[in-house]
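Below is one structure, written out as structure tokens; the observations come after it.
The values are calculated or read from the model by the stated rules, or taken from the named source; none is laboratory data. Bear in mind the structure is a predicted one, so any value in this text is a computation, not a measurement. Cβ coordinates were reconstructed from backbone atoms using ideal geometry, including for glycine residues, and neighbour counts include every protein chain displayed. Side chains included, ligands, DNA and RNA excluded: accessible areas come from the protein's heavy atoms. Shrake-Rupley method; radii C 1.70, N 1.55, O 1.52, S 1.80 Å.
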Amino acid sequence: MHVAFAALCLLLPGWAAAGGGPFGIDHMVHYDDSGIWKRSNQQILLYGTIIGIGASAVWYGEDDTFGNTAWRSVDAMAVSAASAQLLKWTFQRERPSQTTDPNKFFQGWHAQSFPSGEVATITAAVTPFMVTYGHDHPSVYLLTLLPLYDAVARVKTHGHWQSDVLVGAALGAGVGIWASRRDSPWIVSFLPKGVQVGYVHKWD
């Protein structure tokens, strides 16, 4: 993920400039909700990722290497999303769309900027695939571009501050690595055996 962070620094002008927030890097950027940065494109990426990975997990099943990785991705997405939401409720930070001051924490339940749940979820989704396949297939690391895109887009559309997306990415990566190293996927253990086997194998 360090490659993504470095690229994010390059893509956001003035990153190193004096700012606020927990790391001293948060500042307003020019609002841009057009082209690839449109909010609707961000939502397509998020929900497409969730649906695509969930469907792959059910289709291939736990006993298939790809299906097993997909189930670990499902675990990571669920835990990351829940953890990010708990942190939002705890820190209650206002979004750039709500204030120009990046130091506005503990402002009430309406303030849910820190960290970025979307970036955490998408990072968590791709991390197990990079852990499983990256060594033998380095091109899999290109999946890093997905959370990177979302991180930049969320800042450009004033949905989050820079530190929000960085912490979200770190959270998602950490949970994704945890899910990858478990003995077995967690959520699948609560599901019917047919789901564990996978429908493509069930019909073989």
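Which condition number in (1) touching a residue at least 12 places away in the same chain (Cβ under 8 Å); (2) open to solvent by 60 Å² or more (accessible area, probe 1.4 Å); (3) more than 19 Å from residue 164 (Cα to Cα); (4) of a type outside the set (Gly, Ala, Ser) is the one that residue 44 fails?
If we test residue 44 against (1) touching a residue at least 12 places away in the same chain (Cβ under 8 Å); (2) open to solvent by 60 Å² or more (accessible area, probe 1.4 Å); (3) more than 19 Å from residue 164 (Cα to Cα); (4) of a type outside the set (Gly, Ala, Ser), just (1) comes out false.
Across segment 47-67, what is the total count of residues that are open to solvent by less than 70 Å² (accessible area, probe 1.4 Å) and either without any contact (Cβ under 8 Å) to a residue 24 or more places away in the chain or outside any helix (DSSP H, G or I) (or both)?
Summing the residues that are open to solvent by less than 70 Å² (accessible area, probe 1.4 Å) and either without any contact (Cβ under 8 Å) to a residue 24 or more places away in the chain or outside any helix (DSSP H, G or I) (or both) in segment 47-67 gives 8.
Take the residues in segment 85-109 that are open to solvent by less than 60 Å² (accessible area, probe 1.4 Å) and not in a loop (DSSP other than H, G, I, E, B), then tell me which one is farthest from residue 20 (Cα to Cα).
Filtering first and then ranking leaves 85.
Looking at (1) more than 25 Å from residue 131 (Cβ to Cβ); (2) surrounded by 11 or more Cβ atoms within 10 Å (Cβ to Cβ); (3) at pLDDT below 80, can you tell me which one residue 3 breaks?
Evaluating residue 3 over (1) more than 25 Å from residue 131 (Cβ to Cβ); (2) surrounded by 11 or more Cβ atoms within 10 Å (Cβ to Cβ); (3) at pLDDT below 80 leaves (1) as the failure.
Quickly run through segment 85-128 and pick out the residues that are within 10 Å of the chain's Cα centre (by Cα) and among the small types (Gly, Ala, Ser).
If the condition is that a residue be within 10 Å of the chain's Cα centre (by Cα) and among the small types (Gly, Ala, Ser), then 116, 117, 120, 124, 125 are the ones that fit.
Consider residue 154 carefully, then state whether it is open to solvent by 10 Å² or more (accessible area, probe 1.4 Å) and in contact with a Gly (Cβ under 9 Å, 6 or more places away or on another chain).
Here the answer is yes, as residue 154 does meet what is asked.
What residue, among those in segment 110-137 that are out of contact with any helix residue (DSSP H, G or I) (no Cβ under 7 Å at 6 or more places or on another chain) and closer than 23 Å to residue 161 by Cβ, is least open to solvent (accessible area, probe 1.4 Å)?
Ranking the candidates gives 111 first.
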